[in-house]
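*Asks:* Quick one: the structure is below, and I'll ask about it shortly.
The values are calculated or read from the model by the stated rules, or taken from the named source; none is laboratory data. Because the structure is predicted, anything quoted here is derived from the model rather than measured. Here Cβ is always computed from backbone atoms with ideal geometry, including for glycine, and neighbour counts include all displayed protein chains. All accessible areas refer to the heavy atoms of the entire protein, side chains included, with ligands and DNA or RNA removed. Shrake-Rupley method; radii C 1.70, N 1.55, O 1.52, S 1.80 Å.
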Amino acid sequence: MSTSMTTEYYQFGPHKIDPKQVFYSTNLSYATVNLRPCSILLPLHFVHVLVCPRREVKRLIDLSADETSDLWLTAKKVGGQLESFYMATSLTFTIQDGPRAGQSVPHVHVHIIPRKEGDFEKNDEIYDAIDEREKELKRKLDLDEERRDRSMEEMAQEADGYRLLFS
Ligand code: AMW
């Protein structure tokens, strides 16, 4: 696996992640902004990033001890920085570990979402928002898959802002 200086792209299941999307990396993990953050479907502004192992691994159980430790240390650091940056007071860390748990991209990833008082009327609605299968919301807003994708320019701009937090 190449270092962040020489990485042409990061693997995310079948997808290639442009380094412009990635705002923090170690030799085993990376943190990226989201192509379709759950906020696209919600009235409130939600920050929604992902922390992934660099190696393409489908399930948490298949990570080595070093990768597991590094993934969570990275998630902890990223969550902490974003919570302060957005003046939030809590964090949702979620893994959908396998297709029956809602995993749509077969590559381990921790969803990280800074949380604030009153962001959802019912707190656990966050899990519907994270879930790629929230067809109901999608139908209500009449959004197709393509319209939910953000441009590289938008994602790069968000990542540029976060990168400063880790320099
Ligand atoms: W899962 O339903 O597998 O727990 O979550 C997959 C997540 O990956 C979703 O939040 C989705 O928006 C995000 N995603 C899918 N493709 C990309 C991509 N190319 N870059 C960044 N995020 C992506």
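*Asks:* Please state which of the following conditions MET87 fails to meet, knowing it meets all the rest: (1) touching a residue at least 60 places away in the same chain (Cβ under 8 Å); (2) over 21 Å from THR7 (Cβ atoms); (3) of a type in the set (A, V, I, L, M).
*Replies:* (1)
*Asks:* Here's a follow-up. Within the stretch 40-53, can one find any residue that is more than 24 Å from SER151 (Cα to Cα) and touching a residue at least 24 places away in the same chain (Cβ under 8 Å)?
*Replies:* No, that holds for no residue.
*Asks:* Does ARG54 fit the bill of being within 20 Å of PHE12 (Cα to Cα) and not small (Gly, Ala, Ser)?
*Replies:* Spelling it out, ARG54 is indeed within 20 Å of PHE12 (Cα to Cα) and not small (Gly, Ala, Ser).
*Asks:* Can you tell me which residue within the stretch 37-55, out of those that are in a helix (DSSP H, G or I) and open to solvent by 10 Å² or more (accessible area, probe 1.4 Å), is modelled with the highest pLDDT?
*Replies:* Per the criteria, the residue is SER39.
*Asks:* Considering only the stretch 56-78, how many residues are of a type in the set (A, V, I, L, M), part of a helix (DSSP H, G or I) and over 16 Å from the mean Cα position of the chain (by Cα)?
*Replies:* Number of matching residues: 2.
*Asks:* Only one of (1) among the polar types (S, T, N, Q); (2) open to solvent by less than 50 Å² (accessible area, probe 1.4 Å); (3) in contact (Cβ under 8 Å) with a residue 12 or more places away in the chain fails for THR68. Which number is that?
*Replies:* Result: THR68 passes all but (3).
*Asks:* While we're here: Scanning the stretch 5-25 for residues that are of a type outside the set (A, V, I, L, M) and assigned to a strand (DSSP E or B), which turns out nearest to the ligand (Cβ to nearest atom)?
*Replies:* Top of the filtered list is HIS15.
*Asks:* Does any residue in the stretch 11-24 that is among the small types (Gly, Ala, Ser) come within less than 8 Å, Cβ to Cβ, of a residue that is within 6 Å of the ligand (Cβ to nearest atom) six or more places away or on a different chain, and which pairs are these?
*Replies:* GLY13/VAL105
*Asks:* Would you point out the residue of the stretch 87-119, among those that are more than 9 Å from the ligand (Cβ to nearest atom), open to solvent by less than 60 Å² (accessible area, probe 1.4 Å) and assigned to a loop (DSSP other than H, G, I, E, B), that is farthest from CYS52 (Cα to Cα)?
*Replies:* It comes out as ASP119.
*Asks:* Related question: List the number of the failed condition for MET1; all other conditions in (1) surrounded by fewer than 17 Cβ atoms within 10 Å (Cβ to Cβ); (2) part of a helix (DSSP H, G or I); (3) in contact with a Leu (Cβ under 9 Å, 6 or more places away or on another chain); (4) modelled with pLDDT under 95 hold.
*Replies:* Exception for MET1: condition (2).
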